[in-house]
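Visitor: First the structure, then my questions, so here it is.
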Amino acid sequence: MDDNQRRHFWKENGYLVLEEVFSPAEVESLRGSADRLSARAEGLTQSTDRFILHTFGDGGGAPIVQQIAEPHELGGEWMALARDPRILDTVEMLIGPNIQLYYSMMMMKPARQGSRAPWHQDFAFFVHDRASLVACQVYLDDSTLENGCVRVVPGSHRDGLLNHFHGDEFTEMVQGDTAEFDAREVALPVKAGGVAFWHCMTLHSSHPNTSAFPRRAIVFEYKDANARLLKGSFSASEVRAAGMMLRGKDPRADLLSAL
Ligand SMILES: O=C(O)CCC(=O)C(=O)O
């Protein structure tokens, strides 16, 4: 696909997969960094803001690291990855030239224990005044049907925000019957070194990892620097990301210089 075809595909479908963006040597080096990140959770018995742990089965085993929040704050290699032009050129094509990093999250999805992500739209977690945010997932391992690759509903980014609330409570998943999504879903297996992008309104989910292999991947959420947070559960990240301009013009620059 050339850039025009990619743009068109994205507009129609709300997702895009690029294979072989990073070389095997780069992936190997990122895996080593991911191992070092996980090692920092050694000795923890419960989750912290940084390390989200999970204990499986009867609770007798040691908790394992499921997710690591904001790895770009913990290692220069993750920040470099967030800034990599091979990613940002595509992000620019999708949301325009003024790009901020909103948050990052390492998904460890361990062998046989990585859990499912129910159907959701990322935008529900951080409603902005415009839907110009994009998730970019970089795969450190092959992502397969067996180890719980991401699934998307093509075109769902054009259908608006669905209800993620049960009464007053935000449930982190779309409420109601989701069988229709299962019927329309497209699974996105991507090899290590590949990258998947999805629109902040695109319905997506993933199944548990039933394989003997982990599915490690890092998600970067990028936003058009002009998009303003209205409400959301990522307010700490919003504070962290303030000033995290990666490319283009900071809309606050004129404001600040006028002070
Ligand atoms: O990596 C996964 O399995 C799910 C990722 C996801 O749903 C998200 O980052 O919003």
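Visitor: Give me the base-10 log of I(q)/I(0) for region 3-257 at each q in 0.08, 0.11, 0.12, 0.17 Å⁻¹, Debye formula, one uniform scatterer per Cα, rounded to two decimals.
Guide: Normalising to I(0) and taking log10 leaves -0.30, -0.58, -0.70, -1.52.
Visitor: More than 18 angstrom separation, counting every C-alpha pair in region 101-167; what % is that?
Guide: Here the long-distance tail beyond 18 Å is 50 percent of all Cα pairs in region 101-167.
Visitor: Just the accessible area for residue 144, please: 1.4 Å probe, Å², rounded to the nearest 10?
Guide: Probe radius 1.4 Å; accessible area of residue 144 about 40 Å².
Visitor: In deg cm²/dmol, rounded to 500, what helix-only [θ] at 222 nm does the chain give when every DSSP H run of at least 4 residues adds -39500 (n - 2.57) and the total is split over its residues?
Guide: -7000 deg cm²/dmol
Visitor: Please count, across the chain, the pairs of lysine residues with Cα atoms under 21 Å apart that sit 8 or more places apart or on different chains.
Guide: Total qualifying Lys-Lys pairs in the chain comes to 4.
Visitor: Here's a follow-up. So how do 22-30, 211-219 stack up, highest first, on mean other-Cβ count within 10 Å?
Guide: Descending mean neighbour count gives 211-219, 22-30.
Visitor: Can you sort 210, 202 by solvent-accessible area, 1.4 Å probe, largest first?
Guide: 210, 202
Visitor: Leaving out ligands, DNA and RNA, what percent of the accessible area of the chain is carbon and sulfur, probe 1.4 Å?
Guide: 52 percent
The values are calculated or read from the model by the stated rules, or taken from the named source; none is laboratory data. Here the structure is a predicted model, which is why all the values come from computation and not from measurement. So basically every Cβ, Gly included, is an ideal-geometry build from the backbone, and we count neighbours across all protein chains shown. Remember, those area values only see protein heavy atoms, side chains included, never the ligands or the DNA or RNA. Shrake-Rupley method; radii C 1.70, N 1.55, O 1.52, S 1.80 Å.
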